[in-house]
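Right, one structure below, let's go through it.
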Amino acid sequence: MAKIKLAKSKVEKLVEICKSFDNKGSELINVLHKAQETFGYLPAEVQETIARELNVSVAHVYGVVTFYSFFSMVPKGEFPISICMGTACYVRGAEKVLEEFKRQLNVPVGETTEDGKFSISCLRCVGACGLAPVVTVGERVYGRVSAGDVADIIKEYQK
Amino acid sequence: MEKMIKLIIDKKQVEVPQGTTILEAAKGIGIDIPTLCYMNLGDMGIEHNPGGCRICVVEVEGRRNLAPSCNTKCGDGMVINTHNIRVLNARKTVMELMLSDHPFDCLVCAKSGNCDLQSMAQQLGVRELHYKGEQSTYKVDYSPSIIRDMDKCIMCRRCETMCNEVQTVGALSAVNRGFQSVVAPAFEMDLEKSVCTYCGQCVAVCPTGALTEKDHTNQLIRDLADAKKTVVVQTAPAVRAALGEEFGMEPGTLVTGKMVAALRQLGFDSVFDTDFAADLTIMEEGTELLDRLKKHLDGDKNVKLPILTSCCPAWVNFFEHHFPDMKEIPSTARSPQQMFGPIAKNYLAKEMGIKREDMIVVSIMPCLAKKYECQRDEFKVDGDPDVNYSITTRELANLIKQANMDFKTLPDEEFDNPMGESTGAGVIFGTTGGVIEAAARTAYEVYTGKTLEKVDFEALRGMEGIRSATVDFDGLPLNIGIAHGLGNARKLLEDIRDGKSHYHAIEIMACPGGCIGGGGQPLHHGDSSILKKRAAALYREDAGKAIRKSHENPYIIKLYEEFLGKPCGELSHKLLHTHYFDKSNDIEIE
């Protein structure tokens, strides 16, 4: 296992999470869910610690983390932006909206701006197809978004 | 009574026990359904049938989709077609799709001629490729022993089964998904930074050129051509029991004499035997065992038992990574390869009147981890390795072919002396159980002061993954454990850690079967009967030797008299012993 670079309190929290699932290797996905909920993302050190606690290989943990798009190894931004790529949103121009966010923030999908403010991700259907295309920023939902609205949305959070 | 099931395969009635796969049922009536990702390591109880490649599909009448025969169980009344036009076209399409993301460098690929993908494409009659798609472009990962070229990976995941289930090393896992999925170490780091032990079992089962050994043959050809260098070679015991297979000889054919002749013709200045160093290992390791045993019997609480053998470099890597808290238990004796090196460069070089730096020591090994072992810093003097590099049995076979030798007709020749003389005890180092049997032969006589009448310890032999036996040392019952395959080794180690072990000494070899099943041997494609034949060959060579106990090797006796002094003495400790490292903190995260 790698040298743990996490703060002691974080390691303790992880140990506690693993323990709440009886340190069972078969509970790996649940443990990862909880860990991501706690830390916001799953950096290598967190995966190393979980592997050690559950007595599974780090390669296995990493395999699971990279298989599910829900799990992320990069911290999300302070304001996580999600663009819906479900069928309804897609046919009504979600891709152009996504391209505009990528262009204006200068980050690809799945990454976070250097100042840590914004991250971009895609999701599949938020159940608001009548508002397509839909964008969410944190908990807030924006409907009928066009590429022209992107600058205004970003501006709201840059204050 | 297990329930029997009746079905029809290719118009033939067949009855099989419930739970039998279509693939097995077909095999039973002489129908050989082609497979690619499938792997069956019968004796190890490992069947790898992820059904991932889809080459083994068959038509089950009444089902909408074709079924992978390797992991579809037979059902009562099933009617199965294994080679109608629908099935044949599907197989071909699957193969073409696989090849659409495979490099076309077969002519220069290390695996060419021994590649399952290549031969399956031939078998399926693929003559045209209809699909042009995206191609993977991974960085080639060069470690000291193993090269990973993931552009050639077909995701059969056999390597994962070997690494995780058989060896329990956990270096590899499938990562990412869809087109991006690939088998890789954690965080897609280089293998060298992972927990890989270099046992090479992944290489031994890889169906393509995705996993191959680091090839040292070009370096060797250059060194042999250099007139300023004296190039000496040592050959591990397991090599002579398998090399012949590369030349179409029956598994289990001993080719010791032909191998020596071939090495001489290749241009080595001296052809020696690692078995000589194996005898030396027994002197050192056996002495250490008896010393620890005596102290233990005298009630010394600081002495740790069992003592574990330390000949196997993949095993050493394994405990350094996974059981560093127990690194004081294995013997400090170096492996035979690494005992040969310093004796050659410090003693033989002087005898031959040459300088250390002008001597190149090469080893022929059944092993990939030996390549890494040569490079370990503690086995170098001012940057000069005691053993410069090792080549595998497979690499040697290629060299012999390149040198235009008709191996089968070579006359038998003898090893050179002094470091070519070995006893039967040194020979059996190449198979599981052999090292501890060799140690028992010498330790018995030294401990009891009596002559051992029956040198064959049959109880220590066999192919079971974990074996134990009690050897009577003239009233002292010595409990001996044996494990081969790192998964089995792990079980014994966990018992020791939990205080449940009752052994005095344990022999561990990383590869199933021991060195005869090493990652550098001719590929046995999971056929364990080949391993048994190789082991039998070594026991045959042992039985035919005039001297069968290491401490009776006249050149070993002379070496101690003239140079080393006594076993585990000061010079021995400097040249023939080592220490181990805690590598559990070794992984770097980038």
Exercise for the section: Determine the gain in length on full extension of the stretch B:ASN84-B:GLU128; use 0.36 nm per residue of separation and subtract their C-alpha separation, reporting nm with one decimal. Expected result: 13.8 nm
Fill in the blank from the handout: Magnitude of the Cβ-charge dipole (Lys and Arg +1, Asp and Glu -1) of region A:1-117 about the Cα centre, nearest 20 debye, reported as 80 debye
Practice task
Take the alpha carbon atoms of region B:551-576, find their center, do the same for region B:339-364, and report the distance between the two centers in whole angstrom.
Solution key: 16 Å
Fill in the blank from the handout: Looking only at aspartates and glutamates whose Cα falls under 13 Å of B:LYS228's and that sit 8 or more positions away or on another chain, we get B:ASP269, B:GLU357, B:ASP358
Problem - Cut-off 12 Å between beta-carbons: net charge of the residues surrounding B:MET4, Lys and Arg +1, Asp and Glu -1 - result: -1
Handout entry: Top positive-direction residue, dipole computed over the protein assembly as shown with Cβ charges, set B:TYR444, B:GLY62, B:ILE428
Key = B:GLY62
Fill in the blank from the handout: For region B:4-83 (alpha-carbon point model, no solvent) the Debye-based log₁₀ I(q)/I(0) at q = 0.19 Å⁻¹ works out to -0.76
Practice task
Please give the average number of partner chain Cβ atoms lying within 10 Å of the Cβ of each residue in B:178-187, rounded to a whole number.
Solution key: 4
Problem - Net charge, B:THR93 excluded, C-beta distance under 13 Å - Lys, Arg +1, Asp, Glu -1 - result: +2
Completion exercise
All alpha-carbon distances of region A:79-157, grouped into 10 Å bins from 0, give the whole-percent distribution 21, 59, 19, 1
Practice task
State the three equivalent ellipsoid semi-axes of the protein assembly as shown, derived from the C-alpha gyration tensor as the square roots of 5 times its eigenvalues, in descending order and whole Å.
Solution key: 51, 32, 26
Handout entry: Gyration tensor verdict on region B:516-590 (Cα atoms; rounded if a/c is under 1.5, prolate if a/b is larger than b/c, oblate otherwise)
Key = oblate
Exercise for the section: Mind giving me the nanometre distance, one decimal, between the label points for A:GLU139 and B:LEU452, set 7 Å out from Cα along Cα→Cβ? Expected result: 7.6 nm
Problem - Mean Cβ count within 10 Å, highest first, over the residues of peptides B:329-341, A:59-71, B:96-108 - result: B:329-341, A:59-71, B:96-108
Completion exercise
Volume per residue (Å³) of the convex hull spanned by the alpha carbons of region A:4-159 is 124 Å³
Practice task
For chain B, report the translational diffusion coefficient in µm²/s to the nearest whole number, using Stokes-Einstein at 4 °C, 1.567 mPa s, and a Kirkwood Rh over Cα pairs.
Solution key: 51 µm²/s
Fill in the blank from the handout: Rounded to whole angstrom, the alpha-carbon centroid of region B:275-301 lies from that of region B:136-189 at a distance of 40 Å
Exercise for the section: Loop only per DSSP, at most 16 neighbouring Cβ atoms within 10 Å: give me the GluC sites (Glu not before Pro) in region A:108-150, ordered by residue number. Expected result: A:GLU114, A:GLU139
Fill in the blank from the handout: Between chains A and B, total accessible area buried, probe 1.4 Å, no ligands or nucleic acids, nearest 100 Å², roughly 1400 Å²
Exercise for the section: May I ask you to derive the FRET efficiency for B:GLU96 and B:ASP215 from their Cβ-Cβ distance with R0 = 30 Å, giving the value to the nearest 0.05? Expected result: 0.50
Problem - Helix B:486-497 vs. chain B, principal-axis angle (Cα, 0 to 90°, nearest 10) - result: 50 degrees
Handout entry: Average beta-carbon neighbours from other chains, 10 Å sphere, peptide A:60-69
Key = 6
Exercise for the section: Filter the trypsin sites (Lys or Arg not before Pro) in region B:495-571 down to the DSSP loop ones having no more than 10 other Cβ atoms within 10 Å, then list what survives. Expected result: B:LYS500
Practice task
Enumerate by residue number the GluC sites (Glu not before Pro) in region B:309-382 meeting two conditions: DSSP loop (anything except H, G, I, E, B), and at most 14 other Cβ atoms within 10 Å of the site's Cβ.
Solution key: B:GLU328
Handout entry: Angle in degrees between helix B:313-322 and the longest Cα principal axis of chain B, rounded to the nearest 10
Key = 80 degrees
Problem - Point-charge dipole on Cβ atoms (K/R +1, D/E -1) for region B:99-144, about Cα centre, debye to 20 - result: 80 debye
Practice task
Treating the angle as unsigned and between 0 and 90°, give the value, to the nearest 10°, between the Cα long axis of helix B:393-402 and the longest Cα principal axis of chain B.
Solution key: 80 degrees
Problem - Charged-residue dipole, Cβ positions (Lys, Arg, Asp, Glu), the protein assembly as shown about Cα centre, Debye nearest 20 - result: 1860 debye
Exercise for the section: Towards the positive end of the charge dipole of region B:97-213, with charges on Cβ (+1 Lys, Arg; -1 Asp, Glu), say which of B:GLN122, B:GLY133, B:ASN164 has the farthest Cα. Expected result: B:GLN122
Problem - Shape of region B:434-535, Cα gyration tensor, a/c cut at 1.5 - result: oblate
Exercise for the section: Just list whichever of B:LYS193/B:LYS370; A:LYS96/A:LYS155; A:LYS34/B:LYS139; B:LYS380/B:LYS491 have alpha carbons separated by over 24 Å in the model shown. Expected result: A:LYS34/B:LYS139; B:LYS380/B:LYS491
Problem - Pair B:MET249, B:GLN180: separation of 7 Å Cα→Cβ label points (nm) - result: 5.1 nm
Problem - Most to least packed among B:501-509, B:435-443, B:27-35 [average Cβ atoms within 10 Å] - result: B:435-443, B:501-509, B:27-35
Exercise for the section: Starting from the Cα gyration tensor of region A:8-67, take the square roots of the eigenvalues, sort them a ≥ b ≥ c, and report rounded, prolate or oblate (rounded when a/c is under 1.5, otherwise prolate if a/b is larger than b/c, else oblate). Expected result: rounded
Practice task
Throw me the Rg/Rh for region B:97-213, computed over C-alpha atoms with Kirkwood Rh, two decimals.
Solution key: 0.96
Problem - Charge sum, other residues only, whose C-beta stays under 13 Å from B:ALA469's C-beta, Lys/Arg counted +1 and Asp/Glu -1 - result: -4
Completion exercise
Among A:GLY138, B:ILE5, B:VAL183, the residue whose Cα sits farthest towards the positive end of the charge dipole of the protein assembly as shown, when +1 is placed on the Cβ of each Lys and Arg and -1 on the Cβ of each Asp and Glu, is A:GLY138
Problem - Accessible carbon and sulfur surface of chain B relative to its total accessible area, %, 1.4 Å - result: 49 percent
Practice task
Calculate the mean, over all residues of peptide B:193-202, of how many other protein chain Cβ atoms lie within 10 angstrom of the residue's Cβ.
Solution key: 1
Practice task
Give, in nm to one decimal, the length gained when the segment between B:ALA543 and B:ASP382 is fully stretched (0.36 nm per residue of separation minus the Cα-Cα distance).
Solution key: 53.8 nm
Exercise for the section: Express the accessible area of the protein assembly as shown per residue in Å², computed with a 1.4 Å probe while the remaining protein chains stay in the model. Expected result: 43 Å²
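The values are calculated or read from the model by the stated rules, or taken from the named source; none is laboratory data. In this text, all values refer to a predicted model and were calculated from it rather than measured experimentally. Positions of Cβ are backbone-derived with ideal geometry, glycine not excepted, and every protein chain shown enters the neighbour counts. Side chains included, ligands, DNA and RNA excluded: accessible areas come from the protein's heavy atoms. Shrake-Rupley method; radii C 1.70, N 1.55, O 1.52, S 1.80 Å.
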